1. For the stretch B:401-432, which positions are surrounded by fewer than 24 Cβ atoms within 10 Å (Cβ to Cβ), under 17 Å from B:Lys453 (Cα atoms) and touching a residue at least 12 places away in the same chain (Cβ under 8 Å)?
2. What residue, of B:Ala341, B:Ala391, B:Ala323, B:Ala373, is open to solvent by 40 Å² or more (accessible area, probe 1.4 Å) and at pLDDT 95 or above?
3. State which residue pairs qualify: first residue closer than 29 Å to B:Val155 by Cα and inside the stretch A:100-115, second residue assigned to a helix (DSSP H, G or I) and open to solvent by 30 Å² or more (accessible area, probe 1.4 Å) in any location, beta carbons under 9 Å apart, and separation of 6 or more residues or different chains.
4. Here are some conditions: (1) away from the ligand (no atom under 12 Å from the Cβ); (2) assigned to a loop (DSSP other than H, G, I, E, B). B:Leu498 meets all but one. Which one does it not meet?
5. Pairs only if they're at least six apart or on different chains, beta carbon under 6 angstrom, first in the stretch B:138-155 and surrounded by 21 or more Cβ atoms within 10 Å (Cβ to Cβ), second of a type in the set (Asp, Glu) and at pLDDT below 95; list them, first residue then second.
6. When the residues of the stretch B:307-320 are filtered to those that are away from chain A (no Cβ under 14 Å) and assigned to a loop (DSSP other than H, G, I, E, B), which remaining residue is most open to solvent (accessible area, probe 1.4 Å)?
7. Quick one: B:Tyr172 ticks every box in (1) part of a loop (DSSP other than H, G, I, E, B); (2) within 14 Å of another protein chain (Cβ to nearest Cβ); (3) among the aromatic types (Phe, Trp, Tyr) except a single one, so which number is it?
Amino acid sequence: MSATELNLTQQQVLRKKANGETVLPDAPETPRRHVIAVLLENHVGALNRVVNLFSARNFNLESVTVGVTEDPAVSRLTIVTSGTRRQIKQVLRLLDRLLDTLSVEDLDPDALVERELCLLRIGYTKANRAELMDIADIFRARVVDVTPETMTFEVTGPAAKVNAFVGMMRPHGIVEMARSGRVAMRRALAYGD
Amino acid sequence: MSGAEIFVRSLEAEGVEVVFGHPGGAVIKIYDEMARLKPRFEHVLVRHEQGGTHAAEGYAKATGKVGTVLVTSGPGATNTVTGIADAFMDSVPIVVFTGQVPTALIGGDAFQETDIIGVTRSITKHSFQVRRAADLAPTIKAAYHIARTGRPGPVVVDLPKDILMEEAVFEYPETVTLRGYRVPEEPLPEKIEQAARMIRQAKRPLLYVGGGTINGNAAELLTALARKARIPVTTTLHGLGAFPENDPLSLGMLGMHGTWYANMAVQHCDLIIAVGARFDDRVTGKLDAWAPHAKVVHLEIDPSCVSKNVYADCAVVGDVRRALERLLPLVEPKDTAAWLAQIDAWKARCPLTYRQDGKLRPQYVIRRLSERAGDNAVVTTDVGQHQMWTAQFFTFVRPRSHITSGGLGTMGFGFPAALGAAMGLRGTGATVVSINGDGGFLMNAQELRVAAKYRLPIKIAVMNNGYLGMVRQWQELFHEERYSHTDLTDTNPDFVKLAEAFGCVGLRATTPEEADAVIEAAWQVHDRPVLMEFVVPKEEMVFPMVPAGAATDDMIVQRFRDE
Ligand SMILES: Cc1ncc(C[n+]2csc(CCOP(=O)(O)OP(=O)(O)O)c2C)c(N)n1
């Protein structure tokens with residue numbers, strides 16, 4: 001089916017494309033994951049407003065991390081969300097509209113530094129202990145807590161690395177897991193510059 | 001001085017004229033200080049906090065100033081929620097002060113405690129809870145600044161009881177510093193030039209004007225632009241009055257219940273110049289089919305409204321008034337004669353009409369009210385069929401002459417809004433007319449006596465069709481005439497007696513002749529509200545109409561049935 005078969009005028013086609021929509025209705029644009037960095041006034045309730053915006057406006061929210069910045073009056077949020085270009089544009093504008101946001105930035109996936117921390121408690125026996133330590137070594141994970149039955153690993157890295165580590169450990173039986181969600185920053189100097 | 005006194009002094013310093021309020025335990029100290037200090041502002045004791053919030057909205061919309069509401073904690077605060085949501089949807093600047101339990105008790109389910117900041121989070125432009133008496137004055141200053149500037153909206157200020165007792169030094173700040181609040185003002189010059197170029201190139205341009213034009217005090221400039229460049233104008237419900245409807249360039253309202261010719265113009269134009277409008281679904285109908293040949297220029301203060309629903313080929317983000325000021329000198333008179341002739345042909349082919357068969361038709365009543373009220377009328381409406389008929393048949397020629405609940409569609413808005421407008425317009429010679437349905441009027445009729453107390457000569461029309469008319473219309477058209485729970489005849493009061501019980505004049509008309517006489521009589525009353533009950537047929541429907549989800553040129557133009 002082509003655009004003309006759908007009876008769209010040239011203007012309508014342009015409009016849809018400009019909005020980041022595919023012109024054919026049966027092939028909607030696939031949502032993409034975005035990492036958004038927000039600097040926020042460190043006020044009571046400010047974080048609430050940001051989180052609330054996602055549910056009130058029907059946007060997806062995968063993770064949020066918050067912490068203070070070099071300026072104690074300002075906190076930094078890293079938000080992971082996914083959506084079409086049009087949805088993301090709208091999220092950014094609505095975030096910017098909040099009074100407590102000082103800056104909002106959609107981080108370019110090719111030019112960001114991101115880290116996630118994961119604590120993973122695994123049951124072990126004599127039989128698999130060495131293998132666990134090998135995997136940990138490859139991922140540069142550290143043992144931060146140990147009992148005769150369990151070992152707790154700490155791993156840090158880009159989300160993909162954390163996922164891979166968790167995937168490797170899963171067959172050994174995860175007793176408990178805590179992930180921090182991502183923190184991210186734009187690279188001071190992007191690759192290739 | 002005490003926090004409560006600082007509160008009173010701050011409102012004075014802010015230049016507040018009227019506070020719509022209702023006392024209670026959490027704010028009793030403020031009321032005490034008001035009795036003691038005899039402040040320069042007037043406090044209007046409303047009989048329901050929802051009425052108070054709508055009154056503040058009516059005041060704000062009629063005067064262009066910020067409306068003020070003061071209520072107690074818990075139920076007082078929750079009763080304002082509908083008004084706050086309404087103000088949020090329609091960008092009305094109001095500040096709502098809510099009492100709160102003492103800070104030490106917050107979160108402990110104390111008597112009359114509600115987390116009103118949490119409850120209203122997604123329906124406020126911003127909100128504050130004051131934690132120290134010393135923060136009161138700066139917070140109040142900031143609240144009014146936020147409500148008024150940029151895209152206006154409601155601000156909630158929560159006042160824990162103990163901070164009203166606490167002592168602090170009073171100093172009302174001159175300026176506001178809010179690092180995260182950027183009011184977009186100056187539009188980019190290159191965007192203005194691009195807009196001018198697009199207007200120059202267009203053969204069939206159309207101005208699509210929303211309430212942002214009135215909020216931005218840009219109606220005169222808009223009118224000048226349309227006349228200079230000879231561009232026809234259609235307005236949204238909230239844009240009514242931004243352009244004089246008695247001008248031949250006016251197409252009236254567009255959208256679901258807009259004129260057929262306005263919607264035809266949308267579907268055939270090659271350029272839409274949207275001014276302070278947000279491409280609401282009641283305007284566009286089926287989005288993909290809307291304005292299929294048009295490029296879009298969008299003048300708008302709120303960046304989150306640009307390209308939200310319809311992509312803007314040229315987005316002029318910033319103060320609408322500034323944008324028009326810059327644009328006007330760059331636009332030359334255009335030759336739009338052929339386009340205007342086409343529009344005139346559409347106007348002649350399908351004008352707004354109604355049946356004139358000797359029965360009392362609501363459209364007739366509205367035409368007569370419009371003629372009688374003349375140019376200095378300020379009209380408020382409630383929500384339903386009468387609201388659409390007012391938009392269609394009342395002739396609006398001035399900005400701020402039409403006040404209604406558009407975004408939220410709040411029944412019960414119309415009459416208290418008239419109360420607020422009339423309070424704000426005292427001494428200006430304006431005649432406040434409030435047009436209501438029999439359903440919605442009863443939702444806030446308790447404020448009648450308040451209007452009587454202040455001797456406000458509001459002309460109240462109640463279109464009594466004995467039904468929740470707009471719902472009945474949908475039931476008739478789309479639900480096979482199953483009139484489920486829309487008949488009001490067995491729960492309606494005697495409206496004339498109701499008016500009289502509240503110290504107002506009550507009149508009733510059942511024929512066109514009686515209606516003329518009732519209107520004439522109402523305009524002879526100058527010292528109290530007059531309620532005119534017009535008994536109209538229940539079968540009357542609002543046409544033309546774009547059914548939900550249809551393309552805007554796919555209108556049901558008219559349909560008469562036998563009654
Ligand atoms: C508070 C509220 N409740 C319900 C509705 C849904 N609603 C929209 S129009 C309408 C009918 C209004 O009837 P009436 O006030 O008699 O006015 P008419 O349509 O007859 O002119 C209703 C129930 C609403 N808009 N607001």
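The values are calculated or read from the model by the stated rules, or taken from the named source; none is laboratory data. Note that the structure is a prediction, hence the values are computed from the model and not measured. Note: ideal-geometry Cβ built from the backbone for every residue, glycine included; neighbour counts use all protein chains shown. Remember, those area values only see protein heavy atoms, side chains included, never the ligands or the DNA or RNA. Shrake-Rupley method; radii C 1.70, N 1.55, O 1.52, S 1.80 Å.
1. B:Leu425, B:Arg426
2. On the way: B:Ala391 fails: open to solvent by 40 Å² or more (accessible area, probe 1.4 Å); B:Ala323 fails: open to solvent by 40 Å² or more (accessible area, probe 1.4 Å); B:Ala373 fails: open to solvent by 40 Å² or more (accessible area, probe 1.4 Å).
After ruling out the rest, the residue left standing is B:Ala341.
3. Once the first residue is closer than 29 Å to B:Val155 by Cα and sits in the stretch A:100-115, its partners that are assigned to a helix (DSSP H, G or I) and open to solvent by 30 Å² or more (accessible area, probe 1.4 Å) give A:Asp100/A:Leu47; A:Ser103/A:Asp96; A:Val104/A:Leu92; A:Val104/A:Arg93; A:Val104/A:Asp96; A:Glu105/A:Leu92; A:Asp106/A:Lys89; A:Asp106/A:Leu92.
4. Evaluating B:Leu498 over (1) away from the ligand (no atom under 12 Å from the Cβ); (2) assigned to a loop (DSSP other than H, G, I, E, B) leaves (2) as the failure.
5. Listed by first residue and then by second, the contacts come to B:Arg151/B:Asp302.
6. Step one: list which residues in the stretch B:307-320 are away from chain A (no Cβ under 14 Å), which gives B:316, B:318-320.
Subsequent filtering for residues that are assigned to a loop (DSSP other than H, G, I, E, B) retains B:318-319.
Details: B:Gly318: 1, B:Asp319: 40 Å².
Once the filter is applied, the top-ranked residue is B:Asp319.
7. (2)
Per-residue answers, yes or no, for (1) under 22 Å from B:Pro93 (Cα atoms); (2) open to solvent by 20 Å² or more (accessible area, probe 1.4 Å):
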| residue | (1), (2) |
| --- | --- |
| B:Ala4 | no, no |
| B:Phe7 | yes, no |
| B:His22 | yes, yes |
| B:Ile30 | no, no |
| B:Glu33 | no, no |
| B:Leu37 | no, yes |
| B:Phe41 | yes, no |
| B:His48 | yes, yes |
| B:Thr53 | yes, no |
